[in-house]
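This report refers to the structure that appears directly beneath it.
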Amino acid sequence: MIVTVTANPALDVTYHLDRVAWHGSNRVEDVAARAGGKGVNVARVLAALGIPAAVLGPVGGRTGEQIREDLAAAGLRDATVPVAAESRRTTTVVDASADDATVFNEAGPHLGDADWARLRDAYDALLGDARGVALCGSLPPGAPTDLYAGLVRRARDAGVPVLLDTSGPAFRAGLAAGPDLVKPNADELRDATGESDPGQAVAALSAMLRAAGGDAVVASLGPRGLRAATGAGWWRARLPYAIHGNPTGAGDAGVAALLAGLTAGRPWPDLLAEAVAWSASAVAAPLAGSVDRTTYATARAHVLVSATEPPERRPPDSGPRESGLSESGPSESGPSESGPSERNCHAAHGDR
């Protein structure tokens, strides 16, 4: 079993329209609502891969009831913690004419210390049966900045591999706890290292992570694909073509594939190829957390993976160089982690 932790779960509402009339009136006939948040999406993809997953996070109110009802319908193990505050909703508008999507994320509820204590207790109880842990997404307002850092340490103390996928202060605090794998996007790389050059940023982040006792950085660089820095070597992985569809949740599919490969002990080139292909399959699926197996099979046959060398470190006074790091996403298959803004689905959810 793999445990996915979503500190800020949501009910994801998705509108599909042939064409969006921005600043006008739109009639929506295709609406879907399902439990979401990055960790929930990761658990859905793990289940599609045949890997049991438990969903842990705080849920409350009527929206929380809908989240739990949908987890049960999806056959996912519900390890959520009841809270009094109402869970949030997100809204995604998919514009078929523009081959793009726009996401509206509510901030989430303010929770108390007792709520977080119950979540930590539930987490500790799950670790005994866990093969791996994914800590995913944003923290709700007022949450302890070091929440994920503490959960990283608990997993490491229990000997359970842990992947961290978040941003901002929560990412920096979690990095210092030494997770086995971190998966930043371009913006998160720049924020954590101050480096605008992607190679230098990955190298700097890798050095920080390894100094903390962690191992691997897998960075999403949009059309540039995945770049991985690990104790076993450096690699790049990408697709030579774009995937069209709904990019929401594509990055989460990549996280699921990375953690599945990590816990199975797969070699890094194979693991990265799987991450790119499953990310592409999520773009071709209509809803976050879903995958298209036909797209996966085609993408898997075309993923390009190559070994690379770490970049030469620049002199300390040379300063950062701009090199297009604003392009973000886990692969050239299209998914990005900083928001669904680029065409041809070079975009997907980031820190939800």
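The values are calculated or read from the model by the stated rules, or taken from the named source; none is laboratory data. All values reported here derive from a predicted model rather than from experimental measurement. Cβ: placed from backbone, ideal geometry, glycine included. Neighbour counts: every protein chain shown. Surface accessibility is based on the protein's heavy atoms, side chains included, excluding ligands, DNA and RNA. Shrake-Rupley method; radii C 1.70, N 1.55, O 1.52, S 1.80 Å.
Summary table below
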read-out: Selection from region 86-114 of residues that are within 23 Å of the chain's Cα centre (by Cα) and of a type in the set (D, E, K, R); value: Arg88, Arg89, Asp95, Asp99, Asp100, Glu106
read-out: Those residues of region 179-195 which are open to solvent by 10 Å² or more (accessible area, probe 1.4 Å), farther than 19 Å from Val160 by Cα and of a type outside the set (A, V, I, L, M, F, W, C), in sequence order; value: Asp187, Glu188, Arg190, Asp191, Thr193, Gly194, Glu195
read-out: Region 203-223: number of residues that are surrounded by 24 or more Cβ atoms within 10 Å (Cβ to Cβ) and either over 23 Å from Arg153 (Cα atoms) or free of Cβ contacts under 8 Å to residues at least 24 places away in the same chain (or both); value: 3
read-out: Region 1-48 - residue that is among the basic types (Lys, Arg) and touching a strand residue (DSSP E or B) at 6+ places or on another chain (Cβ under 6 Å) and, of those, least open to solvent (accessible area, probe 1.4 Å); value: Lys38
read-out: Considering residues of region 224-243 that are farther than 25 Å from Val283 by Cβ and in contact with an Asp or Glu (Cβ under 7 Å, 6 or more places away or on another chain) only, the residue least open to solvent (accessible area, probe 1.4 Å); value: Thr230
read-out: Residues that are of a type in the set (Ser, Thr, Tyr) and surrounded by 16 or more Cβ atoms within 10 Å (Cβ to Cβ), drawn from region 81-97; value: Ser87, Thr90, Thr91, Thr92
read-out: Exclusive hit being open to solvent by less than 70 Å² (accessible area, probe 1.4 Å) and at pLDDT 95 or above, set Asp78, Asp100; value: Asp78
